[in-house]
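Here the structure comes first, spelled out in structure tokens, and everything after it is commentary.
Throughout, read-outs are computed from the coordinates displayed, never taken from laboratory work. Computed from a predicted structure; not experimentally measured. Cβ sites come from the backbone with ideal geometry, for glycine too, and all protein chains shown count toward neighbours.
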Amino acid sequence: MNWKSVLSLVSLAALGAAPILAELYSANPQGVGMGHMHVLTRDIEAQKKFFLDAFGGKVVKNGPIEMIEYPGVYVLFTKADNPPGSKGSVVNHFGFTVKDMPGSIEKWKSLNLKIEPTANPNEVFVIGPEEMRLEVYGIPEQAEPIVMNHIHWDSPDIPGMQAWYDKMFSATAGQRDCVACLPRKVPLEEGRLPRTSLSFSKGAPTLVGTKGRALDHIGFEVKNLEAFIKTLEAKGVKMDSQVQKVQGADLKIAFLTDPWGTYIELTEGLAPKK
Ligand SMILES: [Fe+2]
């Protein structure tokens, strides 16, 4: 191999690396991307330790806001008295994929974490403080050690929810395979955002909203928050709050609730400035 081909390989490798960084945060053509999952906890340090020990990630700050960064999602923490777990609310859990599943299972066992198996040996639930449920499965071909994968609703109205998230956030309605059900092939309804599936399984009509639970709200990052809210309002959404600026950060936020009780934060500028 001559130097010219070595150099072109190096530049190809550089090009190959660029999209991974760019995809840390990616939006659909309507400017909506996965933003964050917001956790309420009686002990922030214990929750942070659980996430960092079990799943790695990087602690980053945007002004006064501290969060853990994973490819495709940020996880934020707020102290609360005694938040009930997410199970029993309409959002049951969220999930990652990892590159090294056998190694990850060994690590979780050595940390004495509670692990719930599924029908698929390549997938488990890892349980943390406040009954935090993280569904994880292995994709050896993925580039990064861990990547955001999905938010999973126990939905009282799957077609309604799928249509609503498609209409409001352009999360493209479709289907994916239920990973926990493999080797049986069972389709699962979803809305698709870049790098995140909004996944809808059947839940009881008695499920409550997410506000005040360990998974208090989900967050989408949008490109132009004021303009985006106008499009939501034109489609009939009543916002819970209008745009607020977060002091000390170049960040704007606003809240709404979906018709089934999922508390949703919209952000513009959540990612720390590089
Ligand atoms: Fe799931």
Loop-resident sites, the range 105-189, for GluC sites (Glu not before Pro), counting at most 14 other Cβ within 10 Å (DSSP): 141
Before anything else, pin down the relative contact order of the chain: Cα pairs under 8 Å, at least 6 apart, normalised by residue count, whole percent. 22 percent
Along the charge dipole of the chain, pointing to its positive end and built from +1/-1 on Cβ of Lys, Arg, Asp and Glu, which listed residue (199, 160, 97) has its Cα farthest out? 97
Taking amide H positions as placed 1.01 Å from N in the peptide plane, with prolines and chain starts having none, which residues 5 or more places from residue 240, or on another chain, fall under 5 Å of its amide H? 255, 256, 257
Among all the lysines, which ones have a C-alpha under 24 Å from residue 79's C-alpha, if same-chain residues fewer than 8 places away are not counted? 48, 49, 58, 61, 87, 114, 211, 245, 252
Looking at the chain, what % of its DSSP beta bridges pair antiparallel, to the nearest 5? 70 percent
When the Karplus curve 6.51 cos²θ - 1.76 cosθ + 1.60 is applied with θ = phi - 60°, which whole-Hz ³J(HN,Hα) does each residue of the range 259-268 get, with x for Gly and Pro? x, 10, x, 7, 7, 10, 9, 9, 10, 9
Under a point-charge model restricted to the Cβ atoms of Lys and Arg (+1) and Asp and Glu (-1), what is the dipole moment magnitude of the range 35-90 relative to its Cα centre, in debye to the nearest 20? 40 debye
222 nm [θ] for the chain, helices only, -39500 (n - 2.57) per DSSP H run of 4+, per residue, to 500? -7500 deg cm²/dmol
Within 10 Å of each candidate Cβ there may be at most 10 other Cβ atoms; applying that plus a DSSP loop requirement, which trypsin sites (Lys or Arg not before Pro) in the range 183-214 survive? 184, 185
Which of 206, 267 comes first, and how do the rest follow, when ranked by fewest Cβ neighbours within 10 Å? 206, 267
Per 10 Å bin, what percent of the C-alpha pairs of the chain does each bin hold, from zero upward? 6, 28, 37, 21, 6, 2, 0
Near residue 215, within a Cβ-to-Cβ distance under 11 Å, what is the net charge of the other residues, with Lys and Arg +1 and Asp and Glu -1? +1
Scoring only Lys, Arg, Asp and Glu (+1, +1, -1, -1) among other residues with Cβ under 11 Å from the Cβ of residue 263 yields -2
Convex hull over the alpha-carbon atoms of the range 43-152: what's its volume per residue in Å³? 109 Å³
Size of electric dipole in the chain: Cβ of Lys, Arg +1 and of Asp, Glu -1, about Cα centre, debye, nearest 20: 320 debye
